[in-house]
Amino acid sequence: MGELPLDINIQEPRWDQSTFLGRARHFFTVTDPRNLLLSGAQLEASRNIVQNYRAGVVTPGLTEDQLWRAKYVYDSAFHPDTGEKVVLIGRMSAQVPMNMMITGCMLTFYRKTPTVVFWQWVNQSFNAVVNYSNRSGDAPITVQQLGTAYVSATTGAVATALGLKSLTKHLPPLVGRFVPFAAVAAANCINIPLMRQRELQVGIPVTDEAGQRLGHSVTAAKQGIFQVVVSRICMAIPAMAIPPVIMNTLEKKDFLKHRPWLGAPLQVGLVGFCLIFATPLCCALFPQRSSIQVNRLEPELRAQIQKQNPGTEVVYYNKGL
């Protein structure tokens, strides 16, 4: 067998990102929780394989499948812009296990005010770590921006949860089980735009099809942030809508009445099962490299593009996660 060629583009995902199936396969790999079990030595080995390949040096005996595996292991643990190792709970592969525990507890302990406040705070603290760990190199997050987004999202989530909790006191118990979802949805609508406020002020880079940067667009930033908010809320729907219905039915059965201690682990397990599929599938709803028509851009940028690149009708941007 000959040496692996150097023309494999590991800068891009392995699968076609213009199709939902290709994006889903990509994100199932990115969010694979098994990557959390890899040792430091395995992570360093993958980093060496990727960096050597990009430098034109092929590790002896390396196959294409092994190269792609190393690329996804490397991407799962190291920041793409800074090259720093991401803290364990901030990695995309930690999304399912961390959200499984936090969401399961939010759905289990929704009746008492102190537990509502505590788990909403834990959830927003985790979101802050994820948002900081996966920040963009083009739009760095300052400590002040991170703090503002964290405090605002936590306040919004707790206020929504407590407000709806008081309103649902006289409604059927099943309705009260959906309060945590409303709080999470409200927090996402606050947290993500605040975390990416710099993009809303100065715009995000837009490129032509070949990747040549054409300028910065606030309109593209708004579209990208909207898509991320929709994805995050959709990601929470299965895990926060299906288990409450199942648990509401099971808790009326003698089996759980005699074993109330089983409620929390059962709820966490149901949430985890939903998240294993919801997380990658909802990340794949919109292309990571999204597009927007030139005629929808700001007048100044539109005029600039039409003058310098008259044949360009569509531009592309990274929507973020």
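The values are calculated or read from the model by the stated rules, or taken from the named source; none is laboratory data. Since we're looking at a predicted model, the values are computed, not measured. Don't worry about glycine lacking a Cβ; one is built from the backbone with ideal geometry, like all the others, and counts go over all protein chains shown. These accessible areas exclude ligands, DNA and RNA; they are computed on the full protein's heavy atoms, side chains included. Shrake-Rupley method; radii C 1.70, N 1.55, O 1.52, S 1.80 Å.
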### Message
From the gyration tensor of the Cα coordinates in segment 65-112, what semi-axes in whole Å does the equivalent ellipsoid have, largest first, with each one equal to sqrt(5λ)?
### Response
31, 13, 5
### Query
Could you give the accessible area per residue of segment 200-321, probe 1.4 Å, as a whole number in Å²?
52
### Query
So which trypsin sites (Lys or Arg not before Pro) in segment 252-284 are both in a DSSP loop and have at most 11 other Cβ atoms within 10 Å of their Cβ?
K252, K253
### Task
Could you provide, to the nearest whole Å², the per residue accessible area of segment 110-192 with probe 1.4 Å?
48
### Query
Of L4, F78, V57, whose Cα points farthest to the positive end of the dipole of segment 1-79 (charges on the beta-carbon: +1 Lys, Arg; -1 Asp, Glu; origin at the Cα centre)?
F78
### Message
Mean Kyte-Doolittle hydropathy of 1.0 or higher plus an axial Cα length of 18 Å or more: which whole DSSP H helices in the chain meet both?
### Response
179-195, 218-250, 263-283
### Task
For the chain, calculate the relative contact order in percent as a whole number, restricting contacts to Cα pairs under 8 Å that are 6 or more residues apart.
19
### Task
Calculate how large, on average over all directions, the projected area of the Cα convex hull of the chain is; give the answer in nm² to one decimal.
20.0
### Message
Taking a virtual spin label 7 Å from the Cα of K169 along the C-beta vector, which residues in segment 104-121 bring their backbone nitrogen under 17 Å of it?
### Response
110-117
### Task
Can you tell me how much longer the chain between V218 and F273 gets when fully stretched, taken as 0.36 nm per residue apart minus their C-alpha distance, in nm with one decimal?
16.1 nm
### Query
Using 7 Å Cα-to-Cβ label points, what is the A241/L62 separation (nm, one decimal)?
4.4
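Taking all protein chains as present, what is the carbon and sulfur share of the accessible area of segment 1-55, in % to the nearest whole number, probe 1.4 Å?
Values: 1850 of 3470 Å².
Taking all protein chains in place, segment 1-55 shows 53 percent carbon and sulfur surface.
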#### Entry: Per residue, the convex hull volume that the Cα atoms of segment 27-87 enclose (Å³)
93
### Query
So what's segment 138-238 giving for Cα Rg divided by 2.2 N^0.38 Å, two decimals?
1.36
### Task
Considering the options S46, V229, V30, tell which one lies farthest towards the positive end of the dipole of the chain, charges being +1 on Lys and Arg and -1 on Asp and Glu at the Cβ, about the Cα centre.
V229
### Summary
Rounded to a whole %, the carbon-and-sulfur portion of the accessible area of segment 225-321 at a 1.4 Å probe is 64
### Message
Tell me the relative contact order for segment 164-321 as a rounded percent, counting alpha carbon contacts under 8 Å between residues six or more apart.
### Response
28
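Let me check I have the definition right: for segment 1-148, take the eigenvalues of the Cα gyration tensor, multiply each by 5, take square roots. What are those semi-axes in whole Å, largest first?
So the three semi-axes of segment 1-148 are 35, 17, 14 Å.
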## Note on the structure
Mean Cβ-within-10 Å packing, highest first, puts peptides 245-251, 311-317, 180-186 in the order 180-186, 311-317, 245-251
#### Entry: Longest to shortest principal axis, alpha-carbon extents of segment 165-321, angstrom
74, 31, 20
### Query
What relative contact order, as a whole-number percentage, does segment 125-225 give when Cα pairs under 8 Å and 6 or more residues apart are counted?
25
### Query
What order do you get for 296-305, 88-97, 222-231 when each peptide is scored by the mean count of other beta carbon atoms within 10 Å, highest first?
88-97, 222-231, 296-305
### Query
Dipole of the chain, Cα-centred, from +1 at each Lys and Arg C-beta and -1 at each Asp and Glu C-beta, to the nearest 20 debye?
1340
## Note on the structure
Quick calc, segment 160-307, dipole around Cα centre from Cβ unit charges on Lys, Arg (+) and Asp, Glu (-), nearest 20 debye, gives 380
